[in-house]
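Input: a single structure, listed below in structure tokens.
What follows is calculated from the coordinates using simple rules that are stated; it is not laboratory data. A quick note: this is a predicted structure, and the numbers were derived from the prediction, not measured. Please note: Cβ atoms are built from the backbone with ideal geometry, for glycine as well, and neighbour counts cover all protein chains shown.
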Amino acid sequence: MATTFLLNASCPEDRKGRQCTEVCGCERVRCDRWAGCICGEGWTGSRCHTRCPTGTYGRGCTRQCTCQHGVCRPSDGSCNCRAGWYGSDCSRPCVNGRYGRRCQYTCACRHNASCSHVDGSCQCVGAWTGRYCDIMKGDDGEPLVETLVPIVFFLLLCPVVLLVLYKKGWLCCVTPDNIEETQALLELQHVEQDLTQGLQPGWLGRWEKKAKNLQLGNLIGAGMFGEVRNAELRRTRGTIPVAAKTVRVEDAQSYRDFYREAAILIAVHEEKDHDVRRSNIVQLFGVITKADQKYIILEYAPKGDLLCFLRQQRKHATAHTQVTFLLYAVHIARALQKLQKLRIAHRDVAARNVLVTQDNVAKLADFGLARDVYATTQYVSTPRQGECVLLPVKWMALESLELGEYTCQSDVWSFGVLLWEIASLGDEPRYDDRARLTGPVLIGILRRGVRLKKPTRCDDGLYAVMRSCWRDDPEVRPTPESLERRLEHLRQILDPNFITEMETVV
Ligand code: ADP
């Protein structure tokens, strides 16, 4: 009698079933031998070929959209607001005389007319009429020729005067904020719907500093795309030390990175509950966008980035050194909570992008798109949407590698790799003993269930936290809040020098 052995191995590609004879026909996604097509977020159907029905999103389309005046993206539920609305759930009407999609236009209504926040149409009051309520009505309700003549004359003269002033350079300081702001928004909106909708109109202008108040000092970090210098910023209350970050190459990618970083930091700092003294996101002092050289002005972190900092500690390392640095992980878990609240994904959470202040507080930094090439060996070029992007593959979640999806849960995956970096005092992550990997090879490795190995002397409980961050399904990864709790608990039981808040680690 023949005996059938049921092997739990995978079937050949696009096959499933006990005998691997059934065809899956999955679209875009992997076929599992037993479960068939495993749909990504926002897709459903036996072949994962159908978008989530309107009003639902997420894996299995089980989550309800919260967008009030807009449409919800099926993958992560983020809202694409209709004209006249903004905010992460599109519940806020445009304010300050702005209207249209992403509140990007300025109302032109005159003479106390009210302006529609949706389409900018004007509701005239009193004796005014016309599209912009700038024409006076006669007794019979028709515009008065006598009134029109000076207005038309004035309107014709105005641009000429403005042009002359502009050419003479007298208008350089009143270049409309809106031009730069709108351009930046247009650049960003392709990649960051939530971010652009969360920004309050006038965001860039409110943070603009004058170039003459920035005194540049030494170079403290330089890469292919930008450089960071220490500097001094003159303010009304005196001068403060800062770090000035700029882009070196004026291409579309670095331009977008510059504005993404500025926009995220502004969104974080303008959030109503933001407390700059307690935040674990690097402090922003301002931006310079109206000079030839653009700058983002940040607090200066004298101990530099966490990766270098960890590596420096190796020579004095004891059995407990790694554990004392868990405090930094707690700080970054708090930074992720803040980003989650604003529905912003960092996309490159890694030790090299964490700064350490004089008081041993870790702060999340470097919010440009994932293009950090300081550690070139970790990055590979992957063609996507016709352009070549540099990706930190070994820090990336499965869904980011496979589908290009970045969410707060994919940041949690990268946070797991950051924990691994702390536990190994700044080693370079390796899979299958290979330091250099392309995206497709790494996807294969991760899909086989392989994960980074437990670093030497790493506590089992800590490794279990890392593993939970690297779960295939983003929905079942821990939240930043629970990570903070679990890491605080581990510190309490593992760190012999544990003291509560205001800790000193070195
Ligand atoms: P890029 O986006 O070009 O990679 P980063 O923000 O990563 O630039 O900065 C590069 C390096 O400069 C960092 O690794 C860090 O050593 C240093 N650096 C950046 N910002 C600061 C800061 N605010 N204070 C001190 N050093 C900084």
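When the pairs Lys338/Lys394; Lys315/Lys453; Lys210/Lys341; Lys341/Lys363 are compared against a 28 Å limit on Cα-Cα distance, Lys210/Lys341 fall above it.
Here's the list of lysines a cross-link from Lys209 could span, going by alpha-carbon distance under 20 Å and ignoring same-chain residues fewer than 8 apart: Lys245, Lys290, Lys294. How would you classify the stretch 247-310 from its alpha-carbon gyration tensor, with a ≥ b ≥ c the square roots of the eigenvalues: rounded for a/c under 1.5, else prolate if a/b is greater than b/c, otherwise oblate? Because a/c hits 1.5 or more and a/b fails to exceed b/c, the stretch 247-310 counts as oblate. For the stretch 419-503, the equivalent ellipsoid derived from the Cα gyration tensor has semi-axes of 27, 16, 10 Å, listed largest first. What you get for the stretch 240-364, charging only the Cβ of Lys and Arg (+1) and of Asp and Glu (-1), is a dipole of about 340 debye around the Cα centre.
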